[in-house]
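Input: a single structure, listed below in structure tokens.
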Amino acid sequence: MITQQQLKTYGLLGSLYISQGLPSMFILSAVPVFLRQQGVSLGKIGLLSLVAIPLMLKFLWAPLIDNFGYTRWGHYRFWIIGFQVLLIVTTVLVSLINIQDKIAPLLICGTLMCFLCASQDIATDALAVNLLSAEEKGFGNGIQNAGNYLGVIIGGGGMLLVLERWGWMVALLSIAVLLTISLVPILLHRESVLTTHHGLVKNQPMMGGQPIGGPLSEKSSPLKRYFRAVIKFSQYPKTGLWCLILVLCTADGAMAGAMFRPLLVDIGLSLGDIALMLGVVSYTAGMAGAIIAGLTISSLGRKRSLLLFNLFQGLCITAYLLPAFQIHHIVVLYAAAVSVQLAGSMSSTALCTVMMDRSDLATAGSDYTVQSSLVLFSGIGIAAVSGFIAQAIGYRGLFMLSAMVALLSVTLVATAFDETVCSKNVASTPMEG
């Protein structure tokens, strides 16, 4: 039974995760299509991928968000509101750009938008780590992933339709309006002092913007606190093993998913058919998978969830072999796309839950962001080389290899993953040596 307070918390996090995905996915998914329709060269369109650099490098400034803030507004609440207001202003300014003649300002503004989205993501993840109890993290991460999927659907597919019908300015202003509406829950939220940076005591109440009982002394310089936050995650128990699990559990889906799209083109599907299948229907299945996983993780436990969901993902990836073996019926294609997205979303939700478990309350932004950046880097890296692998061994060989990687990740979780070290207090017990 979900309490009223939990409902408010889930609604808050859902609104934040939807809003931070809207602008970035609009730039990365909808804008390239729109630019091509306007006659922009492929070379210039290809440069748009550079705007995603802040999403990959956000771990570099995550410690700054952990260590500095305005306590009177709530530490992470201050950052979230600030970044989202700047994002709204930037979105309005971008709506005034003539993108046919001024691609350079679009790249600059797009990079700035992705930077603000990435920075808000750091603060939102840290806020979620502090807000959610161990029992709530499963469903909380289900809400997170469902919100991300909805942001992708609206920012990518939905805004592309707005672009086509009403044009550039209306699409950007629509995003700005949605971002403004999503500000309401965080403006109404009152954040407790849950961290220990700046000498604040965990869960210490505030009065007049200051902690009751006075601050603790913090003698470390800002530079030392920054580097301490950067390296501290590597000292947590079994960090190397957990990072390997993150890479393997990301690699299988990224490798197979990257090559399923060109396979659909080779089969003869139109861009519209592919957009509907992969951009709307399968993402909707992903939202459902996130909620299903979120509802079951607490009862299944972390280890069993990782095992079952990643095994399910590996089995679903084998469905890609059907079209690779010339079975091209549309029902088969939809079944493969939907099942893989459903399973991948469930696996991602379980991974994110453990990522939160392995994040210290005092440095939640840094700890969680390091892990999410590793997931992003490994996913992009394996996707980048998947084409060369497919050229060497074919679609069939690549999909079988992806399924084998999934099986390897399941085996590693079954034999080596220790659920007892993935508690909210893991950060207080660094490894010896």
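The values are calculated or read from the model by the stated rules, or taken from the named source; none is laboratory data. Note that the structure is a prediction, hence the values are computed from the model and not measured. Ideal geometry is used to build each Cβ from the backbone, glycine not excepted, and the neighbour counts take in all protein chains shown.
General remarks:
- The listed residue being farther than 25 Å from Trp61 by Cα and either among the polar types (S, T, N, Q) or not assigned by TED's automatic domain parsing to the domain that holds Met346 (or both), out of Ser133, Ser182, Ser119: Ser133
- Hits in the stretch 8-49 - residues which are part of a helix (DSSP H, G or I) and either of a type in the set (Ser, Thr, Tyr) or not assigned by TED's automatic domain parsing to the domain that holds Val152 (or both): Thr9, Tyr10, Ser15, Tyr17, Ser19, Ser24, Ser29, Ser49
- Residue within the stretch 187-198 that is at pLDDT 85 or above and not in a loop (DSSP other than H, G, I, E, B) present: yes
- Options Gly14, Gly39; residue that is of a type in the set (Gly, Ala, Ser) and within 29 Å of Asp360 (Cα to Cα): Gly14
- Among (1) closer than 23 Å to Gln144 by Cα; (2) not aromatic (Phe, Trp, Tyr); (3) not in a helix (DSSP H, G or I) - the single one Asp66 does not satisfy: (3)
- Any hit, the stretch 45-54, residues being without any contact (Cβ under 8 Å) to a residue 60 or more places away in the chain and small (Gly, Ala, Ser): yes
- Within the stretch 1-27, restricting attention to residues that are of a type in the set (Gly, Ala, Ser) and at pLDDT 85 or above, the residue that is farthest from Leu161 (Cα to Cα) is Gly11.
- Candidates are the residues of the stretch 375-433 that are surrounded by 17 or more Cβ atoms within 10 Å (Cβ to Cβ) and not in a helix (DSSP H, G or I); the one that is modelled with the highest pLDDT is Phe417.
- Residues that are aliphatic (A, V, I, L, M) and either at pLDDT 95 or above or farther than 30 Å from Lys232 by Cβ (or both) occur in the stretch 309-316; there is at least one.
- Condition check for Thr369: at pLDDT below 90, outside the structural domain of Asn148 (by TED's automatic domain parsing) and out of contact with any strand residue (DSSP E or B) (no Cβ under 6 Å at 6 or more places or on another chain): yes
- Residue among Leu269, Leu246 that is of a type outside the set (Phe, Trp, Tyr), modelled with pLDDT of 90 or more and out of contact with any Pro (no Cβ under 7 Å at 6 or more places or on another chain): Leu246
- Residue within the stretch 109-128 that is surrounded by fewer than 23 Cβ atoms within 10 Å (Cβ to Cβ) and not in a helix (DSSP H, G or I) present: no
- Elements of type helices (runs of 4 or more DSSP H) in the stretch 265-327, at least 1 residues being outside the structural domain of Ser402 (by TED's automatic domain parsing): none
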